[in-house]
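Visitor: Got a structure for you, questions after.
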Amino acid sequence: MKHLLSTDGLDAASATAVLDTADELKRTLLGREVRKLPTLRGRTVVTLFYENSTRTRVSFEIAGKWMSADVVNVSASSSSVGKGESLRDTALTLAAAGADCVVVRHPASGAAHRLAGWLADVGTSVVNAGDGTHEHPTQALLDAATLRERLGDLDGRRVTIVGDVLHSRVARSNVHLLSTLGADVTLVAPPTLLPVGVESWPVTVSHDLDSVLPASDAVMMLRVQAERMHGGFFPSAREYSVAYGLNETRSRLLPEHAVVLHPGPMLRGMEIASVVADAPNAAITEQVRNGVHVRMAVLYHLLAGDGGDRG
Ligand code: CP
């Protein structure tokens, strides 16, 4: 693997290799007082974030540090981006300064692909940490890692993704990855929050959450992305919550074994009730924990090579 830009086109063998490496790393580090492997000593990872992030940025930093890479964090607000420097010039500057890998989050769909093109000649790897409404591949990988832990093999498992699919890069990456891994995906959303062309996606679409939950092995609640809704929010927050929020009563429609996921940050009370988010069948904290191991695995496959020593 040279870059990780999307899960669209990521084949099952490559995805499974990353997930298996993440499992192995998690087992290796479990219970260790010093969580440090020498695998990426001498390699430099730069995180370049043009949008806010807690989980993704921090877990990439921890992942790099646990593998002994040097990690440098660049945020658009405190860099020369604020003086008008272009994404291309910023990327070439980071590569010239010694970045072996740039982890980029950007509001424009396609930004990570452009970056990979500009860096093709210098050998720097690019990881897409979320580009506009397009993709967030490491989120989908950590979601799959969490589902595999709770449910085992995902082949034939029924995963329901609920909410603002229109603006969700998490939904797009999950639809690609989960279907590649053999899961059956159902999208539940108001018609106003579904993208044009969704009928060509490998999914079933419903607007009735209560009818879908009893047959779901997992339900993934999405964040409502108000910052991308320049024309306002329809339905209203209250209508959305009534029809699409996972409240306590509705959560009882799920089978006992079903897993509840949310990529975060959560809007508690609107997308998901606190009591549901904090219940034992919710794996939201585990998603964050697995995010570190999955991002370690991604950095390993990009920078150490598939035949390398994991330490
Ligand atoms: N899930 C996710 O991408 O969270 P952050 O925006 O906090 O990175």
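The values are calculated or read from the model by the stated rules, or taken from the named source; none is laboratory data. Predicted model, so just to flag it, every value in this text is computed and none were measured. Here Cβ is always computed from backbone atoms with ideal geometry, including for glycine, and neighbour counts include all displayed protein chains.
Visitor: Condition (residue is in contact with a Ser or Thr (Cβ under 7 Å, 6 or more places away or on another chain) and over 18 Å from Val260 (Cα atoms)) applied to segment 155-171: is it met by at least one residue?
Guide: Yes, because at least one residue in segment 155-171 is in contact with a Ser or Thr (Cβ under 7 Å, 6 or more places away or on another chain) and over 18 Å from Val260 (Cα atoms).
Visitor: In addition: Do we find that Thr56 is farther than 17 Å from His106 by Cβ and in contact with a strand residue (DSSP E or B) (Cβ under 7 Å, 6 or more places away or on another chain) in this structure?
Guide: no
Visitor: Within 15 Å of the ligand (Cβ to nearest atom), among the charged types (D, E, K, R) and either within 10 Å of the chain's Cα centre (by Cα) or surrounded by fewer than 24 Cβ atoms within 10 Å (Cβ to Cβ) (or both): which single residue out of Asp143, Asp153, Asp164 fits that description?
Guide: That would be Asp143, the only listed residue that is within 15 Å of the ligand (Cβ to nearest atom), among the charged types (D, E, K, R) and either within 10 Å of the chain's Cα centre (by Cα) or surrounded by fewer than 24 Cβ atoms within 10 Å (Cβ to Cβ) (or both).
Visitor: Right, another one. If only one of Ser173, Ser125, Ser109 is within 16 Å of the ligand (Cβ to nearest atom) and buried (at least 16 other Cβ atoms within 10 Å of the Cβ), which one is it?
Guide: On the way: Ser125 fails: within 16 Å of the ligand (Cβ to nearest atom); Ser109 fails: buried (at least 16 other Cβ atoms within 10 Å of the Cβ).
One residue alone meets the criteria, Ser173.
Visitor: In the list Leu154, Leu177, Leu187, which residue meets the criterion of being modelled with pLDDT of 95 or more and in a helix (DSSP H, G or I)?
Guide: Being modelled with pLDDT of 95 or more and in a helix (DSSP H, G or I) holds for just one of Leu154, Leu177, Leu187, which is Leu177.
Visitor: Which numbered condition trips up Thr54, out of (1) touching a Gly at 6+ places or on another chain (Cβ under 9 Å); (2) surrounded by 13 or more Cβ atoms within 10 Å (Cβ to Cβ)?
Guide: Status for Thr54: all satisfied but (2).
Visitor: Here is a check on your reading of the model: is Arg289 at pLDDT below 90 and either charged (D, E, K, R) or within 16 Å of the ligand (Cβ to nearest atom) (or both)?
Guide: no
Visitor: Pairs please, first residue from segment 125-144 and part of a strand (DSSP E or B), second anywhere and of a type in the set (Lys, Arg), Cβ atoms under 7 Å, 6+ apart in sequence or on different chains.
Guide: Hits for this filter: Ser125/Lys2; Ala129/Arg105; Gly130/Arg105; Gly130/Arg169; Asp131/Arg169; Glu135/Arg169; Glu135/Arg172.
Visitor: Restricting to segment 25-43, what's the tally of residues that are over 16 Å from Gly305 (Cα atoms) and in a helix (DSSP H, G or I)?
Guide: Within segment 25-43, residues that are over 16 Å from Gly305 (Cα atoms) and in a helix (DSSP H, G or I) number 4.
Visitor: Here's another thing I want to ask about it. For Arg27, only one of the following conditions fails: (1) touching a Pro at 6+ places or on another chain (Cβ under 6 Å); (2) more than 16 Å from the ligand (Cβ to nearest atom). What is its number?
Guide: (1)
Visitor: Right, here's the next one. Do the conditions hold for Ala99, that is, is it buried (at least 23 other Cβ atoms within 10 Å of the Cβ), away from the ligand (no atom under 16 Å from the Cβ) and assigned to a helix (DSSP H, G or I)?
Guide: No; evaluated as a whole, the condition is false for this residue.
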